[in-house]
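*Asks:* Okay, handing you the structure first.
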Amino acid sequence: MDKYFPKLRWVILILGFAISTFGVYIIGKRFTQDYVPVFICPINREGTIDGACYKLSHLNGLFGVTPWVDIGLFFLGVALFIVIFGRMLCGFLCPLGFIQDLVFKFRSSINGSSVIRFGSRDNSSVNLVKWGFLFVFFGICAFGINFCDLCPVKAVTPLIAGGKLELHMSFFVTVIVVVGSFFKYRFWCNVCPLGYFVGVFHKFSLFRLKKNCQACTECGYCYEACPMEIKSIYTERKKSNITTCDCLFCSDCIKVCPEDQALKITFLGKAIYTSSREAFFYNNSGLQGKKDEP
Ligand code: SF4
Ligand code: SF4
């Protein structure tokens, strides 16, 4: 199973993308320019399902007009979702994640070298953008500006689902994200406010990224492969739980780890994907020798 896990991830990503992008047709709705085909995006004027993302970025519209019981139920639902899935949402289901993966894969197939790396996760300019978006996500909506105006998913999914090209702000953000993804793996994920918000609660998530420090030979492949450039997955020498709020659970670090049992993703303590030599040689036939030290 470990050998085929990366392929399984692609299958889930494709399904998630298809459902979130073409779901409007599946449920028999008529697609209009005002309708974002993502099921859960309530930007849809016809309103399918109220999405957590929209409500979280419009807290001012939630408090004051919604009964307290409903607000409580909403936050309970968000908490449950975060505990059960965490940033698995980013690594396995996000339609924008799929588009970024596709663009980067295309780029790797034509030229695998000279990709951009932001440096380590304490890179201050990346953090500045991330915190800026987080502020817009939760804060500025109170003053009449909302994150949906910048959201690349809002621009890209209607376009792919057959909508007309509209040159609004989120379209330009989408162009930056697509171009960025060509040079930097999961470019947008490094600054996505929703992803970071979910990641902050990873401590409670049922999914975990774990490391067996005794099995690790310090090759650094995991750090080289990580789209979020999380250095601790390579440098950690004691702790077994190495899940951080930036981790997307993309599992790329496990895919490139050549050591049996050194890295794994667990659900409720049970391993669902573990690094192994066999899987390493099966999935990384192009990797030759040791990469540069991180
Ligand atoms: S630590 Fe591993 S699973 Fe997490 S983002 Fe990096 S490569 Fe993906
Ligand atoms: S790829 Fe595996 S063996 Fe290499 S540094 Fe990372 S955890 Fe250790």
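*Asks:* By how many nm would the segment from L102 to N212 grow when fully extended, if each residue of separation counts as 0.36 nm and the alpha-carbon distance is taken off?
*Replies:* 36.5 nm
*Asks:* Based on the Cα atoms of segment 144-286, what semi-axes does the equivalent ellipsoid have, where each is the square root of 5 times one gyration tensor eigenvalue, given in whole Å with the largest first?
*Replies:* Largest first, segment 144-286 gives 34, 17, 13 Å.
*Asks:* Less than 9 Å Cβ to Cβ from R277, Lys/Arg counted +1 and Asp/Glu -1: what total charge do the surrounding residues give?
*Replies:* Residues close to R277 contribute a combined charge of -3.
*Asks:* Let me ask another. With 10 angstrom as the radius, rank D101, D260 by how many other C-beta atoms surround their C-beta, starting from the fewest.
*Replies:* D260, D101
*Asks:* Could you tell me which of the pairs K55/K130; K239/K270; K3/K55; K154/K270; K231/K270; K105/K203 are separated by over 28 angstrom between their Cα atoms in the structure shown?
*Replies:* Result: K3/K55; K154/K270; K105/K203 exceed 28 Å.
*Asks:* Does segment 206-283 come out rounded, prolate or oblate by the C-alpha gyration tensor, with a ≥ b ≥ c the root eigenvalues, rounded set by a/c under 1.5 and, if not, prolate when a/b is larger than b/c and oblate if not?
*Replies:* rounded
*Asks:* Going by how many other Cβ atoms sit within 10 Å of their own, how do R237, R117, R9 line up, fewest first?
*Replies:* R237, R117, R9
*Asks:* Using the reciprocal of the averaged 1/r over all distinct C-alpha pairs, how large is the Kirkwood radius of segment 136-226 in Å?
*Replies:* 16.2 Å
*Asks:* Once the Cβ-Cβ distance between Y4 and I110 is put in as r, and R0 is 30 Å, what FRET efficiency do you end up with, to the nearest 0.05?
*Replies:* Efficiency, from the Cβ-Cβ distance: 0.70.
*Asks:* Can you tell me how much longer the chain between K203 and L15 gets when fully stretched, taken as 0.36 nm per residue apart minus their C-alpha distance, in nm with one decimal?
*Replies:* 64.9 nm
*Asks:* Label L128 and F267 with points 7 Å out from Cα along Cα→Cβ: what is the distance between them in nm?
*Replies:* Modelled inter-label distance: 4.1 nm.
We did not get these values from a lab; they are worked out from the coordinates using the rules stated. Just so we're clear, the structure is a prediction, and the values are computed from it rather than from any experiment. So basically every Cβ, Gly included, is an ideal-geometry build from the backbone, and we count neighbours across all protein chains shown.
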